[in-house]
Amino acid sequence: MHNIKKIPTVLLGMLVILFCAKTASPALSPAATVTPPQINIGLFFSGKRVSIAGPILPGRDVVVEIKGPEKKSVFNMKGRVGPFWMNVQKVELEKAPFLYMLLLPEGKDLLPVLSSMGIGINEIKRRMVVKPETVSPDTIFPSFVQLKQADGLYKEMEGAVQYSQAKDGARCFKAEFFMPSSIVPEEYNIVISVFHNGKLEATTTQKMPVHKIGVVKEIHKMAYNHGLLYGILCVIIALFVGITMGLVFRDEGGAH
Amino acid sequence: MSWYIYLPIAHHSVLLPVIIGLGLLVGLLSGLFGVGGGFLMTPLLIMIGIPPTVAAASDSNQIVAASASGTYAHYKLGNVDFKMGFLLLIGGVIGGTGGVQIIKVLRQLGNADFLIQITYVIMLGGVGGYMFIESLQSLRASKPAESVPPVEKKESVYARLMNSMPFKTNFAKSGIVISPVVPLALGALVGILAAIMGVGGGFIMVPVMVYLLRMPMHVVVGTSLFQILFTCVDVTIMQAHSNHTVDFLLALLLLLGSTVGAQLGTRLGRRLKGDQLKILLASLVLIVMVKMLITLLVEPHCLLSYYGGE
């Protein structure tokens, strides 16, 4: 009876050992450390440099994708009417991530392989859904990428993954990227793929949550949950500051 | 200490001195000319990466502070005609409500954006051009004016129409006697145009007060600011309630600069003659018009823009 009670604990222990054995093998499933593991958006947030590092077997290459969340985006599309350029229609895009970054090792021509696997900015064009359907993705995709790149949200960086040899002879990879301040607070996926001789050997996904904290969180919460009160407060504070400034300047004796 | 501040509604971080500097510049124009400055501030904010809807709504919030500061300064100088301001405001609210309905119908008919932009260019070009030429002639004529004998002018159709209006009222601050129907009707007209063009209407209202109501320029600036204050209070509350697009931190940073700018603008305005003020405002309006015209005629470098802009 006493031994029967121990069975779940033993099973759990075996599962843990199996999991550790698997993640310890860098070729099968890349174990990587993401620093920082989550991003907090506070009052003085101006973007964050993130690094990913982990062990890797010799002869392997690592490719890292950072992506998410897939939200509907709405844009104005300009067209020519007579001599004028103007907004001619509203365009909705679905199944295109809000942020997409691809970190590649230097000098390895992995792009054809990646393209066949649906990895890379250009592959987003194949997946995304454009509404109305009369608008071709080919027409708007370059402008869409241009807008995203201007905000630092879409990037393909060759040479961003680097390898080093540790003292004990083990091989490590390190990749760095910059999360711009224009990110939205959602969960982002970091997908690490290991290639051997141009073939995918292992892949793993880590979540990187982005949260608002402190004053930023409170203001956001109030603006969305108590819009009317928030608006009235904004007006009262603006009136107070405006009139106070008026009084301050009068007291300085410059007015009349 | 970080020079960056994260804006919770715009989802964007901005460089502190840049935002305060923008506020200072636009506040200066506001105090100087009696315009809200939205037609200048909103595109500048979009240029530094603020989403268009947040830029427009937060700008309204900061204009509340700048116009409160400017109105107070002008009130102390005796430059606010409250009676006239209220009549224009009532007309503006009625016209604005009607204008929103007109724009809804136009959008359903399609190509409303084109009509909006063309109206904008024509209005800016017409108003700016007329103000510029008139002020220039006035400035040139002001020197030898004393030696030239006054020429008796025929009463214009507009003047006759004004004189035929009922319920004549004395607007002491503005030094004019007209029917209250006139500011009500003109306020409504500006309200319609402002709603169609999507701007506060300050730089349409100022020429209307100068040329159609014949108010003195300094009273025009103070009265216009008084009216803008009420319009922007309404817009801020509506935007915060319905669209959640007012970024309080952005507005706060802008208004730190704009309230100081408005005070400086008011003082600077006192040192300038009415015609000098008019010619400066006309130049600004013409620059904005040319910029808009170029946007309409030159192929954009990017075919897409975030929905809610322009």
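The values are calculated or read from the model by the stated rules, or taken from the named source; none is laboratory data. Quick caveat: nothing in here was measured; it's all calculated off a predicted structure. Cβ coordinates were reconstructed from backbone atoms using ideal geometry, including for glycine residues, and neighbour counts include every protein chain displayed.
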Output for segment A:56-88, where each listed residue is within 14 Å of another protein chain (Cβ to nearest Cβ) and under 21 Å from A:Met128 (Cβ atoms): A:Pro69, A:Lys71, A:Lys72, A:Ser73, A:Val74, A:Phe75, A:Asn76, A:Met77, A:Lys78, A:Gly79, A:Asn87, A:Val88
Residue ID - farthest from B:Asp247 (Cα to Cα), chosen from residues in segment B:1-12 that are within 7 Å of another protein chain (Cβ to nearest Cβ) and at pLDDT 90 or above: B:Tyr4
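Residues of segment A:143-184 being of a type in the set (A, V, I, L, M), part of a loop (DSSP other than H, G, I, E, B) and within 30 Å of A:Val130 (Cβ to Cβ), which ones? Spell out the reasoning first.
Step one: list which residues in segment A:143-184 are of a type in the set (A, V, I, L, M), which gives A:145, A:147, A:150, A:153, A:157, A:160-161, A:166, A:170, A:175, A:179, A:183-184.
Next cut, part of a loop (DSSP other than H, G, I, E, B) only: A:153, A:166, A:170, A:183-184.
If the condition is that a residue be of a type in the set (A, V, I, L, M), part of a loop (DSSP other than H, G, I, E, B) and within 30 Å of A:Val130 (Cβ to Cβ), then A:Leu153, A:Ile183, A:Val184 are the ones that fit.
Being within 14 Å of chain B (Cβ to nearest Cβ), under 17 Å from the mean Cα position of the chain (by Cα), closer than 24 Å to A:Val194 by Cα and touching a residue at least 60 places away in the same chain (Cβ under 8 Å) narrows it down to one residue among A:Leu103, A:Leu99; which is it? Write out each step before concluding.
Numbers: A:Leu103 fails: within 14 Å of chain B (Cβ to nearest Cβ).
A:Leu99 is the lone residue from the list that is within 14 Å of chain B (Cβ to nearest Cβ), under 17 Å from the mean Cα position of the chain (by Cα), closer than 24 Å to A:Val194 by Cα and touching a residue at least 60 places away in the same chain (Cβ under 8 Å).
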From the options B:Leu255, B:Leu268, residue that is crowded, with 20+ Cβ neighbours inside 10 Å and touching a residue at least 60 places away in the same chain (Cβ under 8 Å): B:Leu255
Test: residue in segment A:198-205 that is under 21 Å from A:Leu43 (Cβ atoms), at pLDDT 90 or above and of a type outside the set (A, V, I, L, M): no
Within segment B:233-244, tally of residues that are modelled with pLDDT under 85 and either part of a loop (DSSP other than H, G, I, E, B) or under 17 Å from B:Leu44 (Cβ atoms) (or both): 1
Test: residue in segment B:295-310 that is at the interface with chain A (Cβ under 9 Å from one of its Cβ atoms), on the phi > 0 side of the Ramachandran plot and under 17 Å from the mean Cα position of the chain (by Cα): yes
Condition met for A:Ile190 (under 14 Å from the mean Cα position of the chain (by Cα), within 25 Å of A:Arg60 (Cα to Cα) and in contact (Cβ under 8 Å) with a residue 12 or more places away in the chain): yes
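Output the residues belonging to segment B:46-67 that are surrounded by fewer than 24 Cβ atoms within 10 Å (Cβ to Cβ) and more than 9 Å from chain A (Cβ to nearest Cβ). Write out each step before concluding.
Quick first cut of segment B:46-67, residues surrounded by fewer than 24 Cβ atoms within 10 Å (Cβ to Cβ) only: B:46-49, B:51-53.
Of everything in segment B:46-67, those that are surrounded by fewer than 24 Cβ atoms within 10 Å (Cβ to Cβ) and more than 9 Å from chain A (Cβ to nearest Cβ) turn out to be B:Ile46, B:Met47, B:Ile48, B:Pro51, B:Pro52, B:Thr53.
Rundown of residues vs (1) touching a Phe, Trp or Tyr at 6+ places or on another chain (Cβ under 6 Å); (2) surrounded by 16 or more Cβ atoms within 10 Å (Cβ to Cβ), yes/no style:
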| residue | (1), (2) |
| --- | --- |
| A:Glu123 | no, yes |
| A:Glu133 | no, no |
| A:Glu158 | no, no |
| A:Tyr163 | yes, no |
| A:Ala170 | no, no |
| A:Phe173 | yes, yes |
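A quick yes/no check of all residues on (1) at pLDDT 90 or above; (2) within 10 Å of chain B (Cβ to nearest Cβ); (3) surrounded by 13 or more Cβ atoms within 10 Å (Cβ to Cβ):
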{"residue": "A:Val184", "(1), (2), (3)": "no, yes, yes"}
{"residue": "A:Glu187", "(1), (2), (3)": "yes, no, no"}
{"residue": "A:Gly231", "(1), (2), (3)": "yes, yes, yes"}
{"residue": "A:Gly253", "(1), (2), (3)": "no, no, no"}
Pairs where the first residue, in segment A:123-146, is touching a residue at least 40 places away in the same chain (Cβ under 8 Å) and the second is surrounded by 15 or more Cβ atoms within 10 Å (Cβ to Cβ) and of a type in the set (Val, Ile, Thr), C-beta under 8 Å, 6+ apart: A:Lys131/A:Val91; A:Pro132/A:Val91; A:Val135/A:Val91; A:Ile140/A:Val91; A:Ile140/A:Val130
